[in-house]
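Q: This is the structure I want to talk about, given as structure tokens.
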Amino acid sequence: MSENSLRLSTSQAWDAEIARNTEMFREADRLEEEAYRIIEAGLDEPDVWSRFSEAKAWADAKRTQAYRDWIRIKRAMMNKPDSR
């Protein structure tokens, strides 16, 4: 494999990692929006706050997962061997 194609493959791999991570953040955003829709739709319901809290916890957990993954990606990119 030539050096150029190796660089392209590495670049494509990083792009795929970042795209996957971006989707994780989007999912966290979607879950958070759903949590706030629970409040908007059900202020009169007695369990609205417990349902909101549960949904918000799922969103927060997904965001934490995405953030940790992003830190992992950044560290891996910074520590990659120099290809020169």
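The values are calculated or read from the model by the stated rules, or taken from the named source; none is laboratory data. This is a predicted model, so every value here is computed, not measured. Virtual Cβ from ideal backbone geometry, glycine too; neighbours counted across all protein chains shown. Areas reflect the complete protein model, heavy atoms only, side chains present, ligands, DNA and RNA absent. Shrake-Rupley method; radii C 1.70, N 1.55, O 1.52, S 1.80 Å.
Q: In the range 3-21, is there at least one residue being open to solvent by 90 Å² or more (accessible area, probe 1.4 Å), modelled with pLDDT of 95 or more and assigned to a helix (DSSP H, G or I)?
A: yes
Q: Looking at A61, A35, A55, A28, which one is loosely packed, with under 15 Cβ neighbours inside 10 Å, in a helix (DSSP H, G or I) and small (G, A, S)?
A: None of the other options fit; the residue is A61.
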